[in-house]
Amino acid sequence: MIQSTSSISLASSKEAILKNAFAAAVAVADPQIIVPQYLAQIFPKGQEPQGRCLVVGAGKASASMASALEAYAKSNWPSTVLEGVVLTRYGHNSSTTHIKIVEAGHPVPDQLGMDGAKEVLALTSQLEQGDVLIALVSGGGSSLLTLPQEGISIDDMRKTTEALLRSGAPIEEMNVVRKHLSAILGGNLARVAIARGARVEALLISDVTGDSPADIASGPCAADYSTYLDALNILQKYDLNESAIPASVLNHLKQGLVGEKPETLKDADLVNAQVVNHVIATAYKSLEAAADYVRTHGYEPIILGDTITGEAQEVGVEQASLVRDYVAKGIDKPLAFISGGECTVTIAAGIKGRGGRCSEYLLSLFAASSDLSNIAALAADTDGIDGSEKNAGAWFDSNVRDESLSAGLAPKKFLAAHDCYGFFAELGALVETGPTLTNVNDFRIILLDK
C-alpha cells in the first residue's frame, strides 16, 4: 500500500511533496472509508437488507469494497444473510468471509475471469422477489466481467481486447464495443435482477472521465447510451477489420445491428425498476484532496481537470507548454498543476515497450521541459499499477534531471521505444506502491517554483 502522508518526511524535499500529494489523492478514495459511509445512507437504521443479500462485483477496488461491506454488515446488519462473488485483478485481493473473491486477468481477460463472471450471472439469476443485489463496481470491471454472449469464445474476446488496446482507442470507445459483446456489461446484470423482482444498489468507484455509471466498468447495472452501430463504427474508425477482429465478434455485432440480438439496457427498461447507481468516489475528489495537501506546503493549486485524455506523449508536451506560459507571464508564488483523466499509448507493431501511460506522459513532460529547471513532477495510476510493469508511475525533480544528464540517458530514445519504465528505473525515480485497492484514474502533478 502507498505510504501515508505521516510516514514520509515533510521537509522541503520535492519528492516528498509529490508523493504525499499522490498519497492524499489515493486516501480519499479508500473503500474501507467510503463504502461504510454510503451503506449507512443507502440503508438507514431499521431499513437494512432483510433476508438474502447477494453481493457481486468486479474491478481493481472491488475486493477491498467487499471486505469493507462485510465489516459494516457484521456490526450493523445482524439479521442479513450475505453471500456472493467479486472479481478483481491478480494481486488486488482483500480478506473476506462470506463473499468469494476471484482473482483474474486484466486488462486482457482470461479463463478464471470468465468462470467467475459465469458465477456472478448464475447467482444473480437465482434472486427472488424482495431480495437485494449489491453490486461493487470499479475500474477494471470491464475486462474482469468479460462473459461473452453465446457464440463468442473467451479467446475471441481476448483477441478483440488486445486489438483495441493496440489501436490506441480510448477506454470509453473500447467499452462501447465490449458492452455489446457481453452478457453482463451494458446493464445486462441489472436486467437479470429486474426480471427476478430484486432491488439493485450499485456502488461505483469511478475511473472514467465524466463519472457516468454507464461508463464505469461498462455499466453492468446502468442504462447504456450506445448501440451496435456505435460499436461497429468504432472498429471501422481504427481499421479493425477481419484481419484483427474474430469473425464471431463481427457477426454478433452485425446481427445486433439488424435487431437479431437484444440491445444493451436502456432508460425505458428501468421504468418502475428498483435500480440505483451510487458513484461513491471520483477522480475530481482525489484531485481536490491533493490540492488541499500542496496548499499546506505553500503551493497554489491549479486543478486542470479530471477529463484530460489523448496520446500520453502529446499531453506531456502540452502541459510543458502550459507551464512555460505561466513562467513567461511571471509568477509571485509557487504553483501546483494537478490533473487527472486517462491518456492512451499507441504502440506500433514490433515494439514491445515497458511501462504505461503515466510513465509515458511523465517522460514526455521531462523531455519537453529541459528549459524549465524549477519544476518537479509525478504521474501515477491510483490503482498502483501503471501498464506492463509493477510501478504506479514515476517522478522527477532537478536532481533527477541532473542524474540523467550525467548518465547520458536520452529521453527521446526511450520515448521512441516506449520504454519509459526503463528510463526512470535507471534513475531510481519510479513510484512503487503496490496495489492500492482503489482506482480513480490517473494522477498527475507538476510543481513550479518561483
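For this structure, a couple of remarks:
- Cα pair distances exceeding 13 angstrom across segment 59-120, given as percent: 59
- Glu311 contributes about 50 Å² of solvent-accessible surface, heavy atoms of the protein only, 1.4 Å probe.
- A dipole drawn for segment 166-216 from +1 and -1 charges on Cβ atoms has a positive end, and of Ser182, Ser167, Ser212 the residue lying farthest that way is Ser182.
- Averaged per residue, segment 343-395 has 31 square angstrom of accessible surface, using a 1.4 angstrom probe with ligands and nucleic acids left out.
- Heavy atoms of Met157 accessible to a 1.4 Å probe, total area in Å² rounded to 10: 0
- Residue pairs, from the table Lys60/Lys266; Lys14/Lys352; Lys74/Lys179, whose Cα atoms sit over 29 Å apart: Lys14/Lys352; Lys74/Lys179
- Descending semi-axes in whole angstrom, ellipsoid equivalent of segment 112-263, from the Cα gyration tensor: 25, 16, 14
- Note on Ala268 and Thr307: their simple-model spin labels are 2.8 nm apart, each label 7 Å out from Cα toward Cβ.
- Å² of accessible area per residue within segment 205-336, as computed with a 1.4 Å probe and no ligands counted: 47
- Spread of Cα-to-Cα distances over 20 Å intervals beginning at zero, given as percent, for the chain: 26, 53, 20, 1
- For the chain, with +1 on Lys and Arg beta carbons and -1 on Asp and Glu, the positive-most of Val431, Thr264, Gly353 along the dipole: Val431
- Test item: Cα-centred dipole of segment 31-185, Lys/Arg +1 and Asp/Glu -1 on Cβ, debye: 300
- Accessible area (Å², 1.4 Å probe, nearest 10) - Tyr238: 50
- Sites Leu322 and Ser243, calculated FRET efficiency, Cβ-Cβ separation with R0 41 Å, nearest 0.05: 0.55
- Put a plus charge on the Cβ of each Lys and Arg, a minus charge on the Cβ of each Asp and Glu, and nothing anywhere else: the dipole of the chain about its Cα centre is then about 320 debye.
- Annotation note: trypsin sites (Lys or Arg not before Pro) in segment 303-367 located in DSSP loop regions with a Cβ neighbour count of at most 10 within 10 Å are Lys352.
- Theoretical gain in end-to-end length, His98 to Thr346 [0.36 nm per residue, Cα-Cα removed]: 85.1 nm
- Accessible-area composition of segment 1-122, carbon plus sulfur, in percent [1.4 Å probe]: 53
- Relative contact order %, the chain, counting alpha carbon pairs below 8 Å whose residues are six or more apart: 17
- A full extension of the chain between Arg166 and Asp371 corresponds to an added length of 70.5 nm, given 0.36 nm per residue minus the alpha carbon distance.
- Cross-linked pairs Lys19/Lys413; Lys159/Lys237; Lys237/Lys285; Lys118/Lys285: Cα-Cα separations exceed 25 Å for Lys19/Lys413; Lys237/Lys285; Lys118/Lys285.
- Carbon + sulfur, % of accessible area of segment 399-441 - ligands and nucleic acids excluded, 1.4 Å: 50
- The shape of segment 269-368 comes out oblate: with a ≥ b ≥ c from the C-alpha gyration tensor, a/c is at least 1.5 while a/b does not beat b/c.
- In loop segments of segment 153-249 as defined by DSSP, the GluC sites (Glu not before Pro) with at most 11 further C-beta atoms inside 10 Å of their C-beta are Glu242.
- Each Lys or Arg adds one and each Asp or Glu takes one away; over the other residues whose Cβ falls under 12 Å from the Cβ of Glu403, this sums to -2.
- Around the Cα centre of segment 225-316, unit charges on the Cβ atoms of Lys, Arg, Asp and Glu (plus for the first two, minus for the last two) sum to a dipole of about 180 debye.
- Within the accessible surface of segment 126-196, defined with a 1.4 Å probe on protein heavy atoms only, the carbon and sulfur portion equals 46 percent.
- Separation of alpha-carbon centers, segment 345-373 and segment 15-76, rounded to whole Å: 34
- Taking θ as phi - 60° and the Karplus parameters 6.51, -1.76 and 1.60, the scalar couplings of segment 335-347 work out to 10, 10, 8, 10, 8, x, x, 10, 7, 10, 10, 9, 10 Hz in sequence order, x denoting glycine and proline.
- For segment 77-175, the solvent-accessible area of protein heavy atoms averages 38 Å² per residue (probe radius 1.4 Å; ligands and nucleic acids excluded).
- Overall Cα dimensions of segment 162-238, principal axis frame, Å, largest first: 41, 23, 20
- Gain on full extension, evaluated as 0.36 nm per residue between Glu260 and Ile42 minus their Cα-Cα distance, stands at 74.7 nm.
- Options Gly341, Tyr326, Ile303, ranked by Cα towards positive dipole end of segment 260-347, top entry (Cβ charges): Tyr326
The values are calculated or read from the model by the stated rules, or taken from the named source; none is laboratory data. Bear in mind the structure is a predicted one, so any value in this text is a computation, not a measurement. Don't worry about glycine lacking a Cβ; one is built from the backbone with ideal geometry, like all the others, and counts go over all protein chains shown. Remember, those area values only see protein heavy atoms, side chains included, never the ligands or the DNA or RNA. Shrake-Rupley method; radii C 1.70, N 1.55, O 1.52, S 1.80 Å.
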